[in-house]
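Only one structure is covered here, and it is reproduced in the block below.
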Amino acid sequence: MAAFQVMNQDFMKLDRFDGTNFTRWQDKMMFLLTALKVQYVLDPNLPPLPEITNNDSDETKAARKKREEDGLVCRGHILNALSDRLYDLFTSSKCPKEIWKALENKYNNEKQGADKFLTLKYFKFTMNDSESILDQVH
């Protein structure tokens, strides 16, 4: 019920991620997942659940069930906040951590490449006396 109440709040609505402004979308998504208390499933240091055995305690079964449900909620919210094109690309992934890592790898690398290009362009810039300053700046 608490997750439903949080989703009804206007401040929790996210624009669909279409491949632009990844860092902003990522921060907003992390805020949402933290408010829903499911962000921990994306932690790369989260140990995997032990294999199911007949000797599992009720506590172990409850922990496994909670993690599976939280993973499903997390995956659903990530997929729901993607554009249709990206949704179709990632809907076959069952693990929210895989989706998150793939998005980070793709869009953080693209941003780093663009930043390197702009930095290189800045360092190579030289003023030419034969052109006006405004033309050179543009």
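The values are calculated or read from the model by the stated rules, or taken from the named source; none is laboratory data. In this text, all values refer to a predicted model and were calculated from it rather than measured experimentally. When we count neighbours, we look across all protein chains shown, and the Cβ atoms used for this are built from the backbone with ideal geometry, even at glycine.
Is region 16-33 home to any residue that is among the polar types (S, T, N, Q), in contact with a Phe, Trp or Tyr (Cβ under 9 Å, 6 or more places away or on another chain), within 15 Å of residue 104 (Cα to Cα) and in contact (Cβ under 8 Å) with a residue 12 or more places away in the chain?
Yes, region 16-33 contains a residue that is among the polar types (S, T, N, Q), in contact with a Phe, Trp or Tyr (Cβ under 9 Å, 6 or more places away or on another chain), within 15 Å of residue 104 (Cα to Cα) and in contact (Cβ under 8 Å) with a residue 12 or more places away in the chain.
Give me the pairs, please: first residue somewhere in region 60-78 and closer than 15 Å to residue 90 by Cβ, second residue anywhere and surrounded by fewer than 12 Cβ atoms within 10 Å (Cβ to Cβ), beta-carbon distance under 8 Å, and either six or more positions apart or on two chains.
Here the result reads 75/94, each pair linking region 60-78 to a residue that is surrounded by fewer than 12 Cβ atoms within 10 Å (Cβ to Cβ).
Tell me, which residue of region 58-82 that is small (Gly, Ala, Ser) and under 21 Å from the mean Cα position of the chain (by Cα) is surrounded by the fewest Cβ atoms within 10 Å (Cβ to Cβ)? Steps first, answer last, please.
Residues of region 58-82 small (Gly, Ala, Ser): 62-63, 71, 76, 81.
Pick out the ones that are also under 21 Å from the mean Cα position of the chain (by Cα) and you get 71, 76, 81.
Numbers: 71: 19, 76: 12, 81: 18.
The extreme case among them is 76.
Contact list please: Cβ distance under 6 Å, first residue in region 79-97 and under 20 Å from residue 23 (Cβ atoms), second residue of a type in the set (Asp, Glu), pairs at least six apart or on different chains.
83/18
Tell me whether region 62-79 contains one or more residues that are in contact with a helix residue (DSSP H, G or I) (Cβ under 9 Å, 6 or more places away or on another chain), within 25 Å of residue 106 (Cα to Cα), at pLDDT 85 or above and not in a helix (DSSP H, G or I).
The first filter runs over region 62-79 and keeps only residues in contact with a helix residue (DSSP H, G or I) (Cβ under 9 Å, 6 or more places away or on another chain), leaving 67, 70-79.
Pick out the ones that are also within 25 Å of residue 106 (Cα to Cα) and you get 70-79.
After this cut, where a residue has to be at pLDDT 85 or above as well, the list is 70-79.
Subset that is not in a helix (DSSP H, G or I): none.
No: zero hits.
Answer yes or no as to whether residue 83 is among the polar types (S, T, N, Q) and either at pLDDT 95 or above or under 21 Å from residue 30 (Cβ atoms) (or both). Break it down stepwise before answering.
Details: among the polar types (S, T, N, Q): yes; either at pLDDT 95 or above or under 21 Å from residue 30 (Cβ atoms) (or both): yes.
For residue 83, the condition - among the polar types (S, T, N, Q) and either at pLDDT 95 or above or under 21 Å from residue 30 (Cβ atoms) (or both) - is met.
For region 98-107, check the following and say yes or no: at least one residue is modelled with pLDDT of 90 or more and in contact with a Phe, Trp or Tyr (Cβ under 6 Å, 6 or more places away or on another chain).
yes
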